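Here the structure comes first, spelled out in structure tokens, and everything after it is commentary.
The values are calculated or read from the model by the stated rules, or taken from the named source; none is laboratory data. Small disclaimer: the values here were computed from a predicted structure and weren't measured. Note that each Cβ is placed from the backbone with ideal geometry, even for glycine, and that neighbours are counted across all protein chains shown. To get the accessible areas, we keep the full protein, side chains included, count just its heavy atoms, and leave off ligands, DNA and RNA. Shrake-Rupley method; radii C 1.70, N 1.55, O 1.52, S 1.80 Å.
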Amino acid sequence: MVLFEKFHSRMRGACPVIEVPFDAAGRVDNSSFDRLVGHVLAKGVGAAVFPAFASEFYKLSDAERFALRRRFLEQVHAHAGVLAVVGVSQHATVLAVKEAVAAAEEGAGAINLLPPHFLRPPRSEVLGHLRAVLAAVPGLPVIIQHVPALAASPLEARDLCALAGDHPNLRMVKVETQPPGPLISDLASGHPPLPAMVGYAGMMMIDALRRGAVGVQPGCSFIEIYQRIVELWQAGKHEAAESLHRRLLPYVVYWMQDAELIIQVEKTISRARGLIDNDHCRAPGRVLDGEERAGVERFLSEFREFFEGGGPDVPRRVRVERL
């Protein structure tokens, strides 16, 4: 129960997904990864997530993923008060169970569980998969990442709440429905009720916060903006939170038209900020054209006040010319 209490106290606000830096040849850059994790932890987040879509988990070998997971857990464990959330995305149930158990043994504070979606398995099989993973780690809090765009039979609030009724370690849902609001409300009024975080780059985070979402789970390259929006909202400064979110929206609305696009943009921003050494994404990916790179420059200039003087080894001024 202590672990579950820690989960709910820390899994709040802006809880970013860590990206994976590669060098120009496409090799994992451990030094940049460590620097990036250190930067995120220095921002005072309550939790961080690795790996997930923003980590390009689907482009990592098992050996790379295991090694990076250990590096991630070692750094997070050195920061008291930060929850290490490990992503489990294996499509085969037997592999997902094995991954969840391994993460628990290595000291994960929670699991972010992506339901199987390749070739669109039947709803009953998806539910069976989720139940198997939940049953394998009964003492570990689990977040289900609900992305209906990837599923043939999207789960409803009653399905998720029923899972939580049978498996008390299901503690939260990352909601990425479009729009997310109705599901967040339905989860909150379910039996048992389930808290929610909103994903999808926080495009609908104001509506989600109005409906009781406890936070947002975005990428990590400009986590400071998401943190400030949540801080303003929680302080009762709703107009200021909405104003800042409106400034952000034109950028994320464009970038979220394609998952590979926003992954590349996040890396390009991280590189410009000095958080990583190279913005390489493994092919196949999404190469930014001239106007998209100019859009990143405008973004860095408009939100410069959030980026000056970041975490360890980060330049005091954003160097847009590096793009």
Inset, instruction - Would you mind calculating the relative contact order of segment 126-277 from Cα pairs under 8 angstrom and at least 6 residues apart, reporting the percent as a whole number? - result: 15 percent
Inset, instruction - Place the peptides 218-228, 245-255 in order of packing, highest mean first, counting for every residue the other Cβ atoms within 10 Å and averaging per peptide. - result: 218-228, 245-255
Inset, instruction - Please say if segment 199-243 is rounded, prolate or oblate, where rounded means a/c under 1.5 for a ≥ b ≥ c the square roots of the C-alpha gyration tensor eigenvalues, and otherwise the choice is prolate for a/b larger than b/c and oblate otherwise? - result: oblate
Legend entry - Residue-wise HN-Hα coupling along segment 221-230, computed from phi with Karplus coefficients 6.51, -1.76, 1.60 (Hz; x: Gly, Pro): 6, 9, 4, 4, 5, 4, 4, 5, 4, 5
Inset, instruction - Calculate the spin-label point distance for Glu239 paired with Ala63, positioning each point 7 Å from the Cα along the beta-carbon direction, and give it in nanometres. - result: 5.9 nm
Inset, instruction - Leaving out ligands and nucleic acids, note down the accessible area per residue over segment 107-220 with a 1.4 angstrom probe, in whole Å². - result: 36 Å²
Inset, instruction - Between beta-carbons, use under 15 Å as the cut-off and find the net charge around Pro141, counting Lys and Arg +1, Asp and Glu -1. - result: +4
Legend entry - Relative contact order (%) - criterion: Cα under 8 Å, at least six apart; region: the chain: 18 percent
Inset, instruction - With a 1.4 Å probe and every protein chain kept in, tell me what percent of the accessible surface of the chain is carbon plus sulfur. - result: 54 percent
Inset, instruction - Grab the DSSP H runs of the chain that are 4 residues or longer, score each as -39,500 (n - 2.57), total them, divide by all residues and round the 222 nm result to the nearest 500 deg cm²/dmol. - result: -14500 deg cm²/dmol
Legend entry - Highest-fluctuation residue, Leu160, Leu300, Leu95 considered, GNM on the chain with Cα pairs under 10 Å: Leu95
Legend entry - Calculated SAXS-style log₁₀ I(q)/I(0) at q = 0.06, 0.13 Å⁻¹ - the chain, Debye, Cα scatterers: -0.18, -0.93
Inset, instruction - Jot down the per residue volume, in cubic angstrom and as a whole number, of the convex hull over the alpha-carbon atoms of segment 18-151. - result: 111 Å³
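List the pairs from Lys43/Lys237; Lys6/Lys267; Lys6/Lys174; Lys6/Lys59 whose alpha-carbon separation is above 26 Å, in the order I gave them.
In this structure, Lys6/Lys267; Lys6/Lys59 exceed 26 Å between Cα atoms.
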